[in-house]
Amino acid sequence: MSPERIVDLSRYPIADLSSPQGRAVIAKGRAALAGDGLALLPGFIRPEALAAMAAEAQALTPKAFRRDEWYGIYAYDPDEASMAALPEGDPRRRRFRSRMGAIAYDLLPEESPIRRLYEWPALTRFIAALTAESELHTCADPLASCVITVLEPGDSHAWHYDQNDFVVSLLLQSAERGGLFEYAPNIRSEGDENVAGVARMLEGDPRLRRGDLGRDRVG
C-alpha cells in the first residue's frame, strides 16, 4: 500500500503544500495550534487504509512490551529528599499509574502501511510546515521511531508532560468504552510553571481539560 493510497489527498494534499488547498490546511492547523494547542485532522487516513493499519496492530499486539508503573507528570522525578521538602498538594509530589503495551518500530515489516506512512518524506514536510519548523527528520531510533501504543481494558496512559516540543498521534481504533484523551492547553510557560493550575488540573478541574486526539503542543 503506497502512502498516496493511505492519506486522503483530496482533503489533505500534503504532497502539494503550495496548492491553495494545501496552504489552507496549513493555515487552519497553525491557527488551531496557536489558539488551543491542538490541531485535529479528521479523516486524514482513508477508511480502507485505517482498517489495514488497525489489523496490523492487532496482529502484533501479542509482541507488545507491557509496562505497569507509577511516575510523576514531569520529565524528571525529584528524589525522595526533594519531594519531602515540597508543600502538600504540590503536583511534583503526585504519582500516577500507567499501564499499557508498546509495539516497537523494529517489529513493523517493510511492507507495513504504518511504516510506509511514517517514512514518507511528504508527511515529514507536512508536519514541519504545520508546526512552523524549518526542517524535521524522522527519528533514527530503531525502537522508538514510531511506536504503537496498545491499551487493553483497564489500561491508561497517565498524565504527563512530553519531553519533545510536540507530539503526532494517529488513532487507529476507538475504544468501545472510555478511551478519553484529555489535555490541558497552555497551562504553563517557560516563565511560569503555574503550580497551582497544574494541581487543579490533576484534581479534575473541568475548565482545564479537553477531549480528542490529534497533533498537539501541550504545556
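The values are calculated or read from the model by the stated rules, or taken from the named source; none is laboratory data. Only a predicted model underlies this, so the values are computations on that prediction, with no experimental measurement involved. In this analysis, Cβ positions are derived from the backbone assuming ideal geometry, glycine residues included, and neighbour counts consider all displayed protein chains.
Within region 149-168, the residues that satisfy the criterion of being of a type in the set (A, V, I, L, M, F, W, C) and either in contact with an Asp or Glu (Cβ under 6 Å, 6 or more places away or on another chain) or over 21 Å from residue 201 (Cα atoms) (or both) are 150, 151, 167, 168. For residue 170, the stated conditions do not hold, so it cannot be described as surrounded by 17 or more Cβ atoms within 10 Å (Cβ to Cβ), at pLDDT below 85 and under 23 Å from residue 34 (Cβ atoms).
Can you name the residue in region 84-110 that is free of Cβ contacts under 8 Å to residues at least 12 places away in the same chain and assigned to a loop (DSSP other than H, G, I, E, B) and, of all such residues, is nearest to residue 155 (Cα to Cα)? Selected residue: 109. On inspection, residue 43 qualifies as of a type in the set (Gly, Ala, Ser) and either within 29 Å of residue 112 (Cβ to Cβ) or in contact with a helix residue (DSSP H, G or I) (Cβ under 6 Å, 6 or more places away or on another chain) (or both). Just one of (1) free of Cβ contacts under 8 Å to residues at least 12 places away in the same chain; (2) buried (at least 18 other Cβ atoms within 10 Å of the Cβ) fails for residue 81. It is (2).
Conditions (1) outside any helix (DSSP H, G or I); (2) of a type in the set (Val, Ile, Thr); (3) more than 29 Å from residue 103 (Cα to Cα); (4) modelled with pLDDT of 95 or more, marked per residue:
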| site | (1), (2), (3), (4) |
| --- | --- |
| 17 | yes, no, yes, yes |
| 31 | no, no, yes, yes |
| 34 | no, no, yes, no |
| 51 | no, no, no, yes |
| 59 | no, no, no, yes |
| 62 | no, no, no, yes |
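Inside region 128-146, residues that are surrounded by fewer than 17 Cβ atoms within 10 Å (Cβ to Cβ) and under 14 Å from the mean Cα position of the chain (by Cα) make up a count of 2. For region 64-78, which residues satisfy the criterion of being of a type in the set (Gly, Ala, Ser) and either surrounded by 13 or more Cβ atoms within 10 Å (Cβ to Cβ) or at pLDDT 95 or above (or both)? Those that are of a type in the set (Gly, Ala, Ser) and either surrounded by 13 or more Cβ atoms within 10 Å (Cβ to Cβ) or at pLDDT 95 or above (or both): 64, 72. If you go through region 148-170 and keep only what is touching a helix residue (DSSP H, G or I) at 6+ places or on another chain (Cβ under 9 Å) and in a loop (DSSP other than H, G, I, E, B), you end up with 152, 159, 166, 170. Residues of region 29-42 that are surrounded by 14 or more Cβ atoms within 10 Å (Cβ to Cβ) and free of Cβ contacts under 8 Å to residues at least 60 places away in the same chain: 32 alone.
Can you tell me which condition residue 98 does not meet? The list is (1) of a type in the set (Ser, Thr, Tyr); (2) out of contact with any His (no Cβ under 7 Å at 6 or more places or on another chain); (3) farther than 30 Å from residue 25 by Cβ, and all the others hold. It is condition (2) that residue 98 fails.
Within region 2-11, the set of residues being touching a residue at least 60 places away in the same chain (Cβ under 8 Å) and farther than 14 Å from residue 112 by Cα comprises just one member, 7.
Here is the figure for region 173-193: residues that are at pLDDT 90 or above and surrounded by 14 or more Cβ atoms within 10 Å (Cβ to Cβ) total 1.
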